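Structure first, then comments.
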Amino acid sequence: MDGFVIAVDRGRYTCVLLPGGEVEVPTVTAMRARELGRKSVVVGDRVGLVGDTSGAPGALARIVRIAERSSVLRRTAEDDATTAEGRLERVVVANADQLVIVSALADPPPRTGFIDRCLVAAYDADIEPLLCLTKADLAGPEAVLDYYAELELPYVLIRPDSELDALRALLAGRVSVLVGHSGVGKSTLVNRLVPEAARAVGTVSAIGRGRHTSTSAVALRLPPAPGGDGSVRGGGREAGAAAGWIIDTPGVRSFGLAHVSADSLLHGFPDLVEGTVDCPANCPHTADEADCGLDAWVAAGKADPRRLASYRRLLASRAGDIDPRGEPEPRGEPPADG
């Protein structure tokens with residue numbers, strides 16, 4: 001049987017069967033078969049299941065196959081080269097189509113350092129980013145949107161009393177990963193999108209015989225859109241009114257980028273790429289490189305100097321030259337998240 005992994009807890013994998021019919025389909029608890037070796041199974045994986053797939057209490061299936069992943073969202077534990085843990089690469093989710101970066105416009109203020117890291121991670125994984133700006137009743141989005149003006153970054157504005165139709169339309173038929181700092185309203189947003197979210201997470205935790213920890217990811221199926229059949233698509237953006245999935249990642253508060261190459265890091269700043277054309281071969285693009293073309297590019301008004309400062313901070317953080325948790329933002333910006 002084909003399955004879609006919606007939660008992982010202490011060696012137990014909660015799956016739904018594919019293709020799904022009714023919205024209220026039973027979940028299947030499974031363990032990983034020995035023949036998979038060291039292959040990891042993460043939320044979002046499409047897997048092959050054998051054994052008891054009835055979903056009955058106490059039933060246990062086995063995962064014997066992991067389908068090829070269309071995308072892999074990774075992060076490094078910390079950008080600190082001085083410890084083994086600092087280079088530990090972790091797969092966050094598999095087969096996601098979209099990374100929804102949830103940021104408040106006030107209380108707490110938006111942190112462009114965190115958003116920049118998420119954008120690099122998204123571009124590196126070939127996942128489309130979407131900026132979701134909450135608490136739009138407390139502050140306007142102009143400053144944040146101006147900072148990303150050259151990227152044409154898609155965004156939605158969320159107020160406590162606003163309808164979520166625009167966001168639902170962008171989530172429909174997709175597997176979307178939500179990330180955001182504590183206090184930005186991500187949990188409130190998830191509960192508005194999936195009213196049964198708290199119950200669903202509790203059920204998954206009970207099946208795994210553990211609690212849903214702050215480092216766990218959980219996939220939640222969105223209610224079907226009007227005219228949709230609510231069927232499980234298991235990843236990818238198919239035609240029709242498929243409801244889609246959101247993956248809540250409460251433990252992913254920052255993205256260490258040590259696993260991202262220097263070239264890929266630059267492509268997280270597409271507004272700077274053209275400015276490197278006149279750089280010497282193997283230019284490190286650091287501030288102490290006298291012949292780096294990025295300084296002239298910014299001086300000519302072709303990119304925001306805050307963007308160049310952010311890019312160079314990430315370069316230094318990736319190289320272990322600075323502690324990412326203490327990265328300063330460019331003047332006029334809120335403090336970086338790390």
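Looking at the stretch 196-205, can you tell me whether even one residue there is open to solvent by less than 70 Å² (accessible area, probe 1.4 Å), part of a loop (DSSP other than H, G, I, E, B), at pLDDT 75 or above and more than 17 Å from Leu99 (Cα to Cα)? No: zero hits. Residues that are farther than 20 Å from Asp116 by Cα and either surrounded by 18 or more Cβ atoms within 10 Å (Cβ to Cβ) or among the basic types (Lys, Arg) (or both) within the stretch 279-308 comprise Cys292, Gly293, listed in sequence order. Of the residues making up the stretch 258-278, those that are in a helix (DSSP H, G or I) and open to solvent by 50 Å² or more (accessible area, probe 1.4 Å) are Asp263, His267, Pro270, Glu274. Residues in the stretch 258-302 that are over 26 Å from Leu153 (Cα atoms) and not polar (S, T, N, Q): Asp278, Cys279, Pro280, Ala281, Cys283, Pro284, Ala287, Asp288, Glu289, Ala290, Asp291, Cys292.
Residue count for the stretch 74-101 satisfying the condition of being modelled with pLDDT of 90 or more, crowded, with 23+ Cβ neighbours inside 10 Å and not polar (S, T, N, Q): 6.
Only one of the listed residues (Leu131, Leu157) is under 23 Å from Leu257 (Cα atoms) and at pLDDT 95 or above. That residue is Leu131.
When Val50, Val42, Val5 are checked against the criterion of being within 28 Å of Ile127 (Cα to Cα), among the aliphatic types (A, V, I, L, M), open to solvent by less than 70 Å² (accessible area, probe 1.4 Å) and not in a loop (DSSP other than H, G, I, E, B), Val5 stands alone in meeting it. Which strands (runs of 3 or more DSSP E) does the stretch 92-170 wholly contain that include 2 or more residues that are without any contact (Cβ under 8 Å) to a residue 60 or more places away in the chain? The qualifying strands (runs of 3 or more DSSP E) are 128-134, 155-157. In the condition set (1) open to solvent by 10 Å² or more (accessible area, probe 1.4 Å); (2) in contact with a strand residue (DSSP E or B) (Cβ under 6 Å, 6 or more places away or on another chain); (3) closer than 22 Å to His259 by Cα, Ala122 is compliant with all but (1).
Tyr311 fulfils the conditions (1) touching a Phe, Trp or Tyr at 6+ places or on another chain (Cβ under 6 Å); (2) open to solvent by 70 Å² or more (accessible area, probe 1.4 Å) except for a single criterion, (2).
The values are calculated or read from the model by the stated rules, or taken from the named source; none is laboratory data. The model shown is predicted, which means the values in this text are computed figures rather than measured ones. FYI the Cβ positions are ideal-geometry reconstructions off the backbone, even for glycines, and counts take in every protein chain you see. SASA here: full protein model, heavy atoms, side chains in, ligands and nucleic acids out. Shrake-Rupley method; radii C 1.70, N 1.55, O 1.52, S 1.80 Å.
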